[in-house]
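Reading through the structure tokens given below for one structure.
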Amino acid sequence: MATAENRTVGRGVLTGALVAIGRVVVSLFVPIVAFVILWAGFIFLRDSNAPQGVIALVAIIWGVGGVAMLFWVADWVVNRTPLTVAKKLQPFVFVGPALAILAWYLLLPTLRSLYLSFFDAQSKNFVGLANYLFAFTDSKMLESFLNNLMWIVLGTGGAVGFGLLVALLADRVKMEKVFKSLIFMPMAISFVGAGVIWRFVYAYKPAGEDQIGLLNAIVTFFGGEPQAWFTLQPWNNVFLIVILVWLQTGYAMVIISAALKGVPASIIEAGRIDGASEVRIIRSIVIPYIASTLVTVSTTIIIISLKIFDIVFTMTNGNFGTEVIASMQYKQMFRFYHYGRGSAIAIVLVLAVIPVMWYNLKQFSKREGF
Amino acid sequence: MKGKKRSGKWNLVVNLILLALVIVWSIPILGLFISSIRPQDNVLNTGWWTVFGENGGFTLDNYKQVLGGSQYTFVDSAGNTVRASGDNLTRAFVNSFTVTIPSVIIPILIAAAAAFGFAWMLFPGRKLFFTIVVALLVVPLQIALIPILRDYQTLGLTGSYLGIWLAHTGFGLPLGIYLLYNYISTIPRDVFESAFLDGARPMVVFARLVLPLSVPAIASLAIFQFLWVWNDLLVALVFLGGTNDVAVLTQRLANMIGSRGQDWHLLTAGAFVVMIVPLAVFFALQRYFVQGLMAGSVKG
């Protein structure tokens, strides 16, 4: 009797356990299948020699479908857990992937670069602050600090200045859209493409020959000597910065222009009635009104100037005294394979943007809802 | 400042100043384009502005050569058939698309989900995590090059498309989340409430309501990310490596500057090939692009 009873109880526990195990197996089965499919795609993409078109197509389906599937599977699994647990896990289905990728690609690299910056070229021996000593005393590094400063002052000043000028003027004419569109157009062009465009403008041929570069043609037209602009220190930096101004003025113009549309007409009318001149109105009413926009635009272009790489890399490769911080970092890493110095220079770049980061956070915490 | 487009003497001056600026801004591109369709000898010996005078004549040979494969033949000005090695930018063109399309779609999906989570869900650490996202907006991507390259070497991802998609995803996420958060957080609460009352799961609400409602913001982010990825050189140089099999347009153009620095007829045609897609996207979708710029003007 006792054994029979035990058996039924046992069976009850057994079925219960089986059902539970079954549920767990099913719950695990779907993610595992999903994982296997993704892994197979990963291996195919990593090792396949299929024609380019096929790879591109598989890649697009795998990448996009895979991401969608990951979200769906994660959601499915979370919904099989008890309700209270599911409620807690649910938000992480949405923000989890983004947080994981950000941690891998930006947050941890900052810490890892900081760590590597205290080691030698092969990251084997601890060298203390030697790499930072290099970063702040090497003559090429000092040159790049000065050049970057020039990029920040002239590049930002030029782009914001011209952007403001165009925005103010275009606001007063009928063909506003056409003018703005054409000034804005270089925004779509890569730094490398812009590099070719401007190399051509600056092209040099010895005196006496027909100049094919626009700038030298103008110079010789007025009786001047043709110049090899890129070797003309320190002015060659200015010639490179002109490219940034050409590219970024459109950006500054668009943002400033939008801010101008927000200046209430009544204030300006009041100024007019008081007899203020147009220049006076712009200086004392309009500019103060859009001051915060000007700060935002300047900040963005300062950051771009600070990290400037492609223009210098393709135009002069940092020769003739045009080195900048980012090109120094690239050279240390990929030409000299000095990971310690490369990392230290990257950390210097991060230190330089900390004030901007702090300002951004302050602005954001002022906003409601968070 | 609306509705006072006045006429008169000042108006003429303003128009003239603007016209001068626009000409200065457009002339470099015009010169590039004209040179790219001039015969080699003319490009190398006379200024492009002389096409308006005695040195007329246009050709598509430059484009044939930069787009063509390794064995390209053409007839030179003296009438001889010349064999030259082309630059095979066609391959790089396909590569650029292979890199760009997933690098645009993947980060947008992930960023949209995260933005929805941050905007409409409560969870521990929400504020802290979002603060980190905002802080990462300005972190220079240079910081990630060495550590991520090491991971890729361990995982065998260097020189693979997968590696560069993930890299562009990682670097594009802070701006993506920030832009989409700004938009998704302004969707009226009522829209969600009725759906939740009907017992819809958050994933369903996200897929059926949030994504369709966010199309304008997603469009601006897509254009932004597209231009950024297509025009990028540094990330491609580091993670894709230098082989011509996978090299994208910007890399090939940078190589051409190095190896063919004085062949202006080819450089100008090559540069135009690199520019044509972003310019088309830009002019077709300028409105969305401007909206995107407005919504997130500080990016690292």
Quick one: B:Tyr152 ticks every box in (1) surrounded by fewer than 23 Cβ atoms within 10 Å (Cβ to Cβ); (2) more than 10 Å from chain A (Cβ to nearest Cβ); (3) more than 21 Å from A:Leu102 (Cα to Cα) bar one, so which box is it? (3)
Among the residues of the range B:128-141, which ones are of a type in the set (Val, Ile, Thr) and at pLDDT below 85? B:Val134, B:Val138, B:Val139
Filtering the range A:151-168 for residues that are more than 7 Å from chain B (Cβ to nearest Cβ) and touching a helix residue (DSSP H, G or I) at 6+ places or on another chain (Cβ under 6 Å) leaves a count of 12
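Of the residues B:Ala144, B:Ala114, which single one is at pLDDT 90 or above and buried (at least 24 other Cβ atoms within 10 Å of the Cβ)? Walk me through how you get there before you give the answer.
On the way: B:Ala144 fails: at pLDDT 90 or above.
The unique qualifying residue is B:Ala114.
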Top-ranked residue in the range B:243-289 [being surrounded by 22 or more Cβ atoms within 10 Å (Cβ to Cβ) and among the polar types (S, T, N, Q); ranked as farthest from the other protein chains (Cβ to nearest Cβ)]: B:Gln251
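When only residues in the range B:45-58 that are out of contact with any Asp or Glu (no Cβ under 8 Å at 6 or more places or on another chain) and surrounded by 14 or more Cβ atoms within 10 Å (Cβ to Cβ) count, which is modelled with the lowest pLDDT? Full working, then the answer.
If we filter the range B:45-58 for residues that are out of contact with any Asp or Glu (no Cβ under 8 Å at 6 or more places or on another chain), which is where we start, we get B:48-58.
Checking which are surrounded by 14 or more Cβ atoms within 10 Å (Cβ to Cβ) leaves us with B:48-51, B:55.
Numbers: B:Trp48: 80, B:Trp49: 79, B:Thr50: 77, B:Val51: 75, B:Asn55: 63.
Looking at residues that are out of contact with any Asp or Glu (no Cβ under 8 Å at 6 or more places or on another chain) and surrounded by 14 or more Cβ atoms within 10 Å (Cβ to Cβ), I get B:Asn55.
Per-residue answers, yes or no, for (1) surrounded by 12 or more Cβ atoms within 10 Å (Cβ to Cβ); (2) modelled with pLDDT of 85 or more:
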position: A:Pro206; (1), (2): no, no
position: A:Gln227; (1), (2): yes, no
position: A:Thr231; (1), (2): yes, no
position: A:Asn237; (1), (2): yes, yes
position: A:Leu240; (1), (2): yes, yes
position: A:Arg280; (1), (2): yes, yes
position: A:Pro288; (1), (2): no, yes
position: A:Thr293; (1), (2): yes, no
Please name all residue pairs, on different chains or six or more residues apart, with Cβ atoms under 6 Å, provided the first residue is in the range A:169-197 and is facing chain B (nearest Cβ under 7 Å) and free of Cβ contacts under 8 Å to residues at least 12 places away in the same chain and the second residue is among the basic types (Lys, Arg) and outside any helix (DSSP H, G or I). A:Lys174/B:Lys5
Exactly one condition in (1) at the interface with chain B (Cβ under 7 Å from one of its Cβ atoms); (2) surrounded by 18 or more Cβ atoms within 10 Å (Cβ to Cβ) is false for A:Leu70; which is it? (1)
Which of the residues that make up the range B:178-196 are in contact (Cβ under 8 Å) with a residue 40 or more places away in the chain, out of contact with any Phe, Trp or Tyr (no Cβ under 7 Å at 6 or more places or on another chain) and assigned to a helix (DSSP H, G or I)? B:Tyr178, B:Leu179, B:Leu180, B:Asn182, B:Tyr183
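Can you tell me which residue within the range A:208-225, out of those that are more than 23 Å from A:Pro186 (Cβ to Cβ) and small (Gly, Ala, Ser), is surrounded by the fewest Cβ atoms within 10 Å (Cβ to Cβ)?
Just the residues of the range A:208-225 that are more than 23 Å from A:Pro186 (Cβ to Cβ), to begin with: A:208-211, A:219-225.
In the following step, the residues that additionally are small (Gly, Ala, Ser) were identified as A:208, A:223-224.
Values: A:Gly208: 8, A:Gly223: 6, A:Gly224: 11.
Step by step, filter the range A:208-225, then rank; the result is A:Gly223.
Restricting attention to the range B:120-138, which residues are over 27 Å from the mean Cα position of the chain (by Cα) and either more than 7 Å from chain A (Cβ to nearest Cβ) or assigned to a loop (DSSP other than H, G, I, E, B) (or both)?
B:Trp120, B:Met121, B:Leu122, B:Phe123, B:Pro124, B:Gly125, B:Arg126, B:Leu128
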What is the residue count in the range A:166-187 for residues that are modelled with pLDDT under 85 and small (Gly, Ala, Ser)? 0
Single unsatisfied condition, A:Thr300 versus (1) at pLDDT 85 or above; (2) among the hydroxyl-bearing types (Ser, Thr, Tyr); (3) crowded, with 19+ Cβ neighbours inside 10 Å; (4) within 17 Å of the chain's Cα centre (by Cα): (1)
Would a scan of the range A:107-120 turn up a residue that is surrounded by 15 or more Cβ atoms within 10 Å (Cβ to Cβ), over 23 Å from B:Ile164 (Cβ atoms), hydroxyl-bearing (Ser, Thr, Tyr) and modelled with pLDDT of 85 or more? yes
Could you tell me which residue of the range A:85-128 is farthest from the other protein chains (Cβ to nearest Cβ), considering only residues that are within 14 Å of A:Phe71 (Cα to Cα) and over 28 Å from the mean Cα position of the chain (by Cα)? A:Leu89
Return only the number of the condition from (1) over 29 Å from A:Met150 (Cα atoms); (2) of a type in the set (Val, Ile, Thr); (3) touching a Pro at 6+ places or on another chain (Cβ under 7 Å) that A:Val219 does not satisfy. (1)
Can you spot a residue in the range A:323-333 that is of a type outside the set (Gly, Ala, Ser), over 16 Å from the mean Cα position of the chain (by Cα) and assigned to a loop (DSSP other than H, G, I, E, B)? yes
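The values are calculated or read from the model by the stated rules, or taken from the named source; none is laboratory data. It should be emphasised that the depicted structure is a prediction, and the values quoted were computed from it without experimental measurement. Here Cβ is always computed from backbone atoms with ideal geometry, including for glycine, and neighbour counts include all displayed protein chains.
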